[in-house]
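Reading through the structure tokens given below for one structure.
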Amino acid sequence: MELPEGIEQGESEPPSAVTHHLSRAERYTIGKTLRKKIPRELHATWNAPSGRPDPVRLVQESDKGRMPALVPLRHGRMVLSPFTFYRGAALNMAEDLASMPSTGALVQCCGDAHLVNFRGFATPERNVIFAINDLDETLPAPWEWDVKRLAASFVLACRENSLSESTARDTVLTCVRSYREHMAEFSGMTSLDRWYFALDAGRLLSTIADPAIRRGAIRGLEKERETSLAEDIFPKLVEGSGHAAVFKEQPPTLFRLRGQRAGKIHPGMLSDFVRYRESLTPACRVMLDHYRLLDAALKVVGVGSVGNRCWVLLLMDGAGDPLFLQVKEARASVLEAYAGKSIYPYDGQRVVNGHRLMQPSSDIFLGWTGGRGGRNYYVRQLRDVKIKFAVQTFGKAEMTIFADWCGWSLALSHARSGDPSVISGYLGKSDAFDKALAAFSVTYADQTEADHAVLKRAVDNGKVRAVFDEPR
């Protein structure tokens, strides 16, 4: 990838290291100068390049290395709609984004920044903040790649909810304007103030003008705060009590490997767990040591992650209080072929570093481990006041509010690792980039619908096998 004059990529450098010793004005000028090479209006155009890979071939390419028995379930979830296809097609979009003109200004990218990947969760201090949550594909890359993936996801979500095309376009304008304006705010902050900043629940709730929507959001937040592991997750996932508790199988979404007995932990997994423990800080190891590992099972999650090995662990302390950990397989980022190989020797380490860079606060149990057979994983709590928004129920008002929040949150994540003054200098004060992204998002949503139709035909004619959670 050719980078603009004044910006160089070093393999071991953080994304913003090459500019952060310059003054804000100098960095803003660097960003403004980038407009001459890559005019903002250039981002409006999406034309599929000649020789663009077959979308089904890319889906099958991303199937490699997944658990073969679960791959048809992944196809079944992707083929349900253009929006679910989009959620599972991060590799497809990475291929497309890499073919487009790029500013070359790097941040720690999410790599899969669609709107469902933003949610609320609790900090170690028990405050609820809003941030991007799933960072399996995270890697340093041009900032606009995340913005484009987020913007196009709003068009597809609006279409999924039968909202008008004008609403879809306005939602994208809201999202990108929020990103642009808040990036300018972060540019004006001190480095420490920016690092300490978080989108807490109170701050976000104060932006909701509609009293009914605000009251509903407050009720939802209070309900989530009051929910405990023992009352909610435990009875849904576990049978038995005390130190005899084990996961209850619920195939195809929660199950054990053939030959695996309930309550019996494979020696290899115990070794992986010991390596995970070593990735934690000494203080967090002390906390983890209060718990005893009782059981493990495979749990199918999401759309894009289906087929990757994702374990859930049940731990219990001496008082009988449970802890659930998610152990998720970390594979090479879909961005690597286009943005360069990760500097980390283990992909679990790459994902954990991405969480710590992009999230204002991360789970105290966040860590990584090298696994058997060359596989490696990252670990975090299965649920800890995690607020997942029911995007599929959003009307125009809710979608607009959420677009504002997501644009704000993504700007913060990028400002933490990249150079907000450079990005702000490029974006400027006008809505030129906003309008360009609105045009791009509509065209790319059309492309996604066409790609989804190709997969659907392949499923219908038996060329691609799909299994569905429920009968169609």
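Output the residues belonging to region 66-79 that are surrounded by 13 or more Cβ atoms within 10 Å (Cβ to Cβ) and not charged (D, E, K, R).
First, the residues of region 66-79 that are surrounded by 13 or more Cβ atoms within 10 Å (Cβ to Cβ): 66-67, 70-79.
Within region 66-79, MET67, LEU70, VAL71, PRO72, LEU73, HIS75, GLY76, MET78, VAL79 qualify.
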**Item:** region 172-194, residues that are surrounded by 12 or more Cβ atoms within 10 Å (Cβ to Cβ) and either touching a Lys or Arg at 6+ places or on another chain (Cβ under 8 Å) or outside any helix (DSSP H, G or I) (or both)
**Value:** LEU173, ALA184, PHE186, SER187, GLY188, MET189, ARG194
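Look at GLY104 and say whether it is in contact with a Pro (Cβ under 9 Å, 6 or more places away or on another chain), touching a residue at least 12 places away in the same chain (Cβ under 8 Å) and among the small types (Gly, Ala, Ser). Steps first, please.
Working: in contact with a Pro (Cβ under 9 Å, 6 or more places away or on another chain): yes; touching a residue at least 12 places away in the same chain (Cβ under 8 Å): yes; among the small types (Gly, Ala, Ser): yes.
Here the answer is yes, as GLY104 does meet what is asked.
Return the residues of region 152-175 that are out of contact with any Gly (no Cβ under 6 Å at 6 or more places or on another chain), of a type outside the set (S, T, N, Q) and closer than 16 Å to ALA436 by Cβ; say none if nothing qualifies. Write out each step before concluding.
Just the residues of region 152-175 that are out of contact with any Gly (no Cβ under 6 Å at 6 or more places or on another chain), to begin with: 152-174.
Those left that are additionally of a type outside the set (S, T, N, Q): 152, 154-160, 163, 165, 168-170, 172-173.
Within region 152-175, ALA152, PHE154, VAL155, ALA168, ARG169, ASP170, VAL172, LEU173 qualify.
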**Prompt:** Among the residues of region 317-346 satisfying the criterion of being hydroxyl-bearing (Ser, Thr, Tyr) and touching a residue at least 24 places away in the same chain (Cβ under 8 Å), which is nearest to VAL300 (Cα to Cα)?
**Reply:** SER333
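When you look at ARG66, is it closer than 26 Å to THR448 by Cβ, part of a loop (DSSP other than H, G, I, E, B) and either within 23 Å of the chain's Cα centre (by Cα) or at pLDDT 95 or above (or both), yes or no?
Working: closer than 26 Å to THR448 by Cβ: yes; part of a loop (DSSP other than H, G, I, E, B): yes; either within 23 Å of the chain's Cα centre (by Cα) or at pLDDT 95 or above (or both): yes.
Yes.
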**Asked** Taking VAL301, is it under 19 Å from the mean Cα position of the chain (by Cα), aliphatic (A, V, I, L, M) and surrounded by 20 or more Cβ atoms within 10 Å (Cβ to Cβ)?
**Response** no
**Request:** Can you give me the ranges of the helices (runs of 4 or more DSSP H) entirely in region 257-367 with at least 2 residues that are more than 30 Å from GLU144 (Cβ to Cβ)?
**Result:** 267-279, 282-288
**Item:** Per-region count, region 401-437, residues crowded, with 24+ Cβ neighbours inside 10 Å, small (Gly, Ala, Ser) and under 25 Å from ARG119 (Cβ atoms)
**Value:** 7
**Asked** Across region 148-166, what is the total count of residues that are surrounded by fewer than 20 Cβ atoms within 10 Å (Cβ to Cβ), in a helix (DSSP H, G or I) and among the polar types (S, T, N, Q)?
**Response** 1
**Request:** Could you list all residues from region 438-472 that are of a type outside the set (A, V, I, L, M, F, W, C), over 24 Å from the mean Cα position of the chain (by Cα) and crowded, with 16+ Cβ neighbours inside 10 Å?
**Result:** LYS456
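Condition first: more than 29 Å from the chain's Cα centre (by Cα) and either at pLDDT below 90 or not aliphatic (A, V, I, L, M) (or both). Now tell me which residues in region 246-267 satisfy that.
The initial filter retains those residues of region 246-267 that are more than 29 Å from the chain's Cα centre (by Cα), namely 246, 258-267.
ARG258, GLY259, GLN260, ARG261, ALA262, GLY263, LYS264, ILE265, HIS266, PRO267 - these are the residues of region 246-267 that are more than 29 Å from the chain's Cα centre (by Cα) and either at pLDDT below 90 or not aliphatic (A, V, I, L, M) (or both).
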**Filter pass, SER271 being exposed (fewer than 15 other Cβ atoms within 10 Å of the Cβ), of a type in the set (S, T, N, Q), over 30 Å from PHE468 (Cα atoms) and out of contact with any helix residue (DSSP H, G or I) (no Cβ under 6 Å at 6 or more places or on another chain)** = yes
**Item:** Hits in region 1-58 (condition: exposed (fewer than 15 other Cβ atoms within 10 Å of the Cβ), under 24 Å from VAL334 (Cα atoms), among the charged types (D, E, K, R) and modelled with pLDDT of 90 or more)
**Value:** ASP54, ARG57
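Name the strands (runs of 3 or more DSSP E) wholly inside region 95-147 in which the number of residues that are of a type in the set (Gly, Ala, Ser) and modelled with pLDDT under 90 is 1 or more.
Details: elements: 106-109, 118-122, 128-132, 139-142.
By residue number, 118-122.
The values are calculated or read from the model by the stated rules, or taken from the named source; none is laboratory data. Keep in mind that this is a model prediction, so the values were computed, not measured. Cβ atoms come from the backbone with ideal geometry, glycine included; neighbour counts cover every protein chain shown.
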